[in-house]
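Novice: Before I ask anything, here is the structure I am working with.
The values are calculated or read from the model by the stated rules, or taken from the named source; none is laboratory data. All figures in this text were calculated on a predicted structure; none of them were measured in a lab. Cβ atoms come from the backbone with ideal geometry, glycine included; neighbour counts cover every protein chain shown. Side chains are part of the model used for accessible areas, which takes the heavy atoms of the whole protein and leaves out ligands, DNA and RNA. Shrake-Rupley method; radii C 1.70, N 1.55, O 1.52, S 1.80 Å.
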Amino acid sequence: SVGLPRHVESMPRLPSGNGRISRLSAVVLGEALAAEENDLIFPSPEFSRDALVSSPEQYRKMYKRSIEDPAGFWSEIAAQFYWKKRWSPDVYSENIDVRKGPVKIEWFKGGITNICYNALDRNIEAGNGDKVALYWEGNEPGQDGQLTYAQLLDQVCQLANYLKHVGVSKGDAVVIYLPMLMELPIAMLACARIGAVHSVVFAGFSAESLAQRIIDCKPKVVVCSNAVSRGAKVINLKAIVDNALAESANNGIAVDLCLVYENQSTMKKEDTKWQDGRDILWQEVVPQFPTKCPVEWVDAEDPLFLLYTSGSTGKPKGVLHTTGGYMVYTATTFKYAFDYKPSDVYWCTADCGWITGHSYVTYGPLLNGATVLVFEGAPSYPDPGRCWDIVDKYKVTLFYTAPTLVRALMREGDEYVTRYSRKSLRVLGSVGEPINPSAWRWFYNVVGDSRCPISDTWWQTETGGFLITPIPGAWPQKPGSATFPFFGVQPVIVDEKGNELEGECSGYLCIKNSWPGIFRSLYGDHERYETTYFKPFAGYYFSGDGCRRDKDGYHWLTGRVDDVINVSGHRIGTAEIESALVYHPHCAEAAVVGVDHPVKGQGIYAFVTLVDGVDYTDEVRKSLILAVRTQIGAFAAPDKIHWAPGLPKTRSGKIMRRILRKIASKQLDELGDISTLAEPSVVNQLIEFTDR
Ligand code: WTA
């Protein structure tokens, strides 16, 4: 028999109608319920006429085929890519049922290909060498650049040749810690070209977090930049990398080579600390290498990249994606979810440090031969109209962002939007957290002038690409619903016992069977892979999200049911924040929960007990927040520290997070039964400490 992991046993936020839904879910669902009855938003006939999928019937037909004959469906699509050798014998083989043995998933096994070749060379051979592949917009308005497909390939090849020259070969890890410069996708593609495994670390992570990832994947090289500007701030990235490399060396992982791209508009090399012998200036070496670099042909199941992401417990885990299935899946989901046309100009505001930037800044769009905008800066700098200024400047047609940005801009008023034309926009996209119907409507009505369908794409680092997403033009939309599954994806909603629920229902969101883009393992820990994702509900992939299906079959995501939170679309585990807090010498114990936040979606709320003899002061509070910033990164800084002379625990010592969530969200009349606590009096004490 398989035991349920702790986070499932405690079942904190099951989104059922039994009064135990979280407040965020209640808000989203409440708004949604009112909206969904009457509010179907239909695509215009013109949009549907030209759409890749123009009716529910067409969707149903394609979907049915994808489920009944996945091998046929996906192999026809895969055949549009270049394979040095075709896969054999099977299109896919899978075991995702832990009761039948180890979880193993393979797609296009035996097929020999290269994702960089398919993204660049193949598109150039098709006559698109002079098409713009990347536009770059810098932090300051007026700073910009661009590369055609042919120019991008040249740059990728130069870096690939340099990496080979310094000894990077197939299967070696390369850590990339770059801001949103064109060099970031260039570095990813250069690794892919030579079969190296990239691990991009979001350049907002601290030295500690970067070191942790370096120690785990032991890269041959770290590629970084000296600095980045975000709005009015300059961030010295190289100093962070220096600290991380020192920390890794202390842990026995010495990296011999750090390739540094000088971000000239931000900080000069002279102002950057340099370690001779280890640090090499990109601009000095890379341009000297040839612009042709032969491709390293790899098996479809050879690793493409590792991306660390947060779970309910423990350290971040290295999500491992392989080549062939990921390639086919990101390309296909991009094409359909954005109704991609060759004339489109596409802008995704996500950073390549997160999965969205992997699948939908770099690989998915470039595999389609799309023109992609890369933006270095902050979306409301120099003012909250910047996004729409950029949209007009580049005639962006597809704009993909997170609800947190939509809500932040919505607060600034419509004038920042309406002063720009935005005529070019065709499709809008949303990702990272549930989009509440009022933000959806503002996005739709104000930004998109009630003309552009919204693709609310539900997916995860682990899934590689979209699993539940509107296909614009196919269906009428419901504000706040991610609508229906992508081709080949079979979502099921189960109750706590793992029974599949039918019709209108809510529960845990699982997926039956594999799809080409699913991750294949957690780096170095296949057991954790099985335990976290395949054991909670044997026979299924468990997403960690709650979901409700309405009477028309539309899906409404209700947020995480485990101890992972989505803060401004950034995923973080409460356990990671707790361990950063506890690391502080004054902190005895910490418990972190997510609370509703009007802009961020969820805010970080930390209950902290100090060690005996330390006073609860503002100064200590500040230094605790600083501890989290330095251990993880600024985006993980708690919004609130709530002093907790005691924490509510069961007699066996388990912290009752359910009660903490209620106190944090001030739902004091919903505390529930507290008699099972070892010391019920701590609850009143905590309530008293709310505003201290
Ligand atoms: C949440 C980001 C509702 C969800 C691509 C998931 C969403 C987690 C949506 C994964 C959406 C992402 N609607 N919730 N459209 N998209 N999520 O791994 O809770 O950073 O489990 O991947 O984000 O976050 P991750």
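Novice: Once the cut-off is 15 Å, how many percent of the Cα-Cα pairs in region 198-242 end up in the long-distance tail?
Specialist: 42 percent
Novice: Distance in nm between label sites at residue 582 and residue 49, each 7 Å beyond Cα in the beta-carbon direction?
Specialist: 6.3 nm
Novice: By the gyration tensor of its Cα atoms, with a ≥ b ≥ c the square roots of the eigenvalues, what is the shape of region 427-575: rounded for a/c under 1.5, prolate for a/b over b/c, or oblate? Let's see the in-between values first.
Specialist: Working: a/c = 1.87, a/b = 1.55, b/c = 1.20.
Taking the square roots of the gyration eigenvalues as a ≥ b ≥ c, region 427-575 is prolate.
Novice: Shifting gears a bit: Is the shape of region 481-545 best called rounded, prolate or oblate, per the rule: a/c under 1.5 gives rounded, else a/b larger than b/c gives prolate, else oblate, with a ≥ b ≥ c the square roots of the Cα gyration tensor eigenvalues?
Specialist: Taking the square roots of the gyration eigenvalues as a ≥ b ≥ c, region 481-545 is oblate.
Novice: Run the dipole for the chain about the Cα centre, Lys and Arg Cβ at +1, Asp and Glu Cβ at -1, nothing else charged, and hand back the magnitude in debye, nearest 20.
Specialist: Magnitude of the dipole: close to 640 debye.
Novice: Please work out the ratio of the alpha-carbon Rg of region 436-508 to 2.2 N^0.38 Å and round it to two decimals.
Specialist: On the way: Rg = 14.3 Å, N = 73, 2.2 N^0.38 = 11.2 Å.
Taking N as the residue count of region 436-508, the ratio is 1.27.
Novice: Go ahead and estimate [θ] at 222 nm for the chain from helices alone: -39,500 (n - 2.57) per DSSP H run with n ≥ 4, summed, over the residue count, rounded to 500.
Specialist: Working: 21 runs with 195 residues, N = 692.
Value at 222 nm, helices only, nearest 500: -8000 deg cm²/dmol.
Novice: With the radius of gyration and the Kirkwood radius both derived from the Cα set of region 148-303, what is their ratio Rg to Rh? Could the numbers behind the result be given before it?
Specialist: On the way: Rg = 14.9 Å, Rh = 15.7 Å.
Here Rg/Rh amounts to 0.95.
Novice: What pairs from 131/269; 109/315; 109/220; 600/640; 64/85 go past 24 Å between their alpha carbons?
Specialist: Working: 131/269 33 Å; 109/315 31 Å; 109/220 27 Å; 600/640 14 Å; 64/85 29 Å.
From 131/269; 109/315; 109/220; 600/640; 64/85, over 24 Å: 131/269; 109/315; 109/220; 64/85.
Novice: Here is a further query. In whole Å, what are the Cα extents of region 391-430 along the three principal axes, biggest one first?
Specialist: 24, 22, 13
Novice: OK, next. Wrap a convex hull around the Cα atoms of the chain, take a quarter of its surface area, and give that in square nanometres.
Specialist: 29.4 nm²
Novice: Given a 1.4 Å probe and every protein chain left where it sits, what share in percent of the accessible area of region 630-682 is carbon and sulfur? The partial results should precede the final answer.
Specialist: Details: 1260 of 2400 Å².
About 53 percent, which is the carbon plus sulfur part of the accessible surface.
Novice: Still on this model: Which whole-Hz couplings ³J(HN,Hα) result when phi for each residue of region 342-347 is put into the Karplus expression 6.51 cos²θ - 1.76 cosθ + 1.60, θ = phi - 60°, listed in order with x for Gly and Pro?
Specialist: Coupling constants for region 342-347: x, 7, 5, 10, 10, 10 Hz.
Novice: Of all the accessible heavy-atom surface of region 109-258, with the other protein chains kept in place and a 1.4 Å probe, what percent is carbon and sulfur?
Specialist: Values: 2100 of 4520 Å².
Exposed carbon and sulfur together represent 46 percent of the surface.
Novice: Moving on to the next point. When only alpha-carbon atoms count, how far does region 536-685 stretch along each of its three principal axes, as whole angstroms with the largest first?
Specialist: 59, 38, 31
Novice: Between residue 634 and residue 617, how many nm apart are label points set 7 Å from Cα along the C-beta direction?
Specialist: The answer from the label model is 2.7 nm.
Novice: Amide H of residue 554: which non-local residues (sequence gap of 5 or more, or other chain) have their own amide H closer than 5 Å, using H built in the peptide plane?
Specialist: The list, which skips near neighbours in sequence, is empty: none.
Novice: For region 256-410, with the dipole built from +1 on Lys and Arg beta-carbon atoms and -1 on Asp and Glu ones, taken about the Cα centre, which of 311, 281, 363 lies farthest toward the positive end?
Specialist: 311
Novice: Please give me, ordered by residue number, the trypsin sites (Lys or Arg not before Pro) of region 625-658 that lie in loop per DSSP and have at most 10 other Cβ atoms within 10 Å. Each step should come with its number before you reach the end.
Specialist: On the way: sites: 629, 640, 649, 651, 654, 657, 658; in loops: 651, 654.
Passing both the DSSP loop test and the Cβ count: 651.
Novice: Express the accessible area of the chain per residue in Å², computed with a 1.4 Å probe while the remaining protein chains stay in the model.
Specialist: Details: 25040 Å² over 692 residues.
It amounts to 36 Å² per residue over the chain.
Novice: With unit charges on the beta carbon (Lys/Arg positive, Asp/Glu negative), name the residue among 250, 557, 486 whose Cα is farthest towards the positive pole of the charge dipole of the chain.
Specialist: Value: 486.
Novice: Go through 75, 119, 62 and say which Cα lies farthest out towards the positive end of the charge dipole of region 62-123; charges sit on Cβ, +1 for Lys and Arg, -1 for Asp and Glu.
Specialist: The one lying farthest along the dipole's positive direction is 119.
Novice: A further question on this structure: Which lysines have a Cα lying under 16 Å from the Cα of residue 100, excluding residues fewer than 8 positions away in the same chain?
Specialist: Within reach: 512, 535.
Novice: Quick one: net charge of residue 111's neighbours, Cβ under 13 Å, K/R +1, D/E -1?
Specialist: Numbers: positive: 84, 85, 86, 109; negative: 90, 106, 299, 301, 302.
Its environment carries a net charge of -1.
Novice: Still on this model: Express in Å², to the nearest 10, the accessible area of residue 459 obtained by rolling a 1.4 Å probe over the protein heavy atoms while all chains stay in place.
Specialist: Result for residue 459: roughly 20 Å² accessible.
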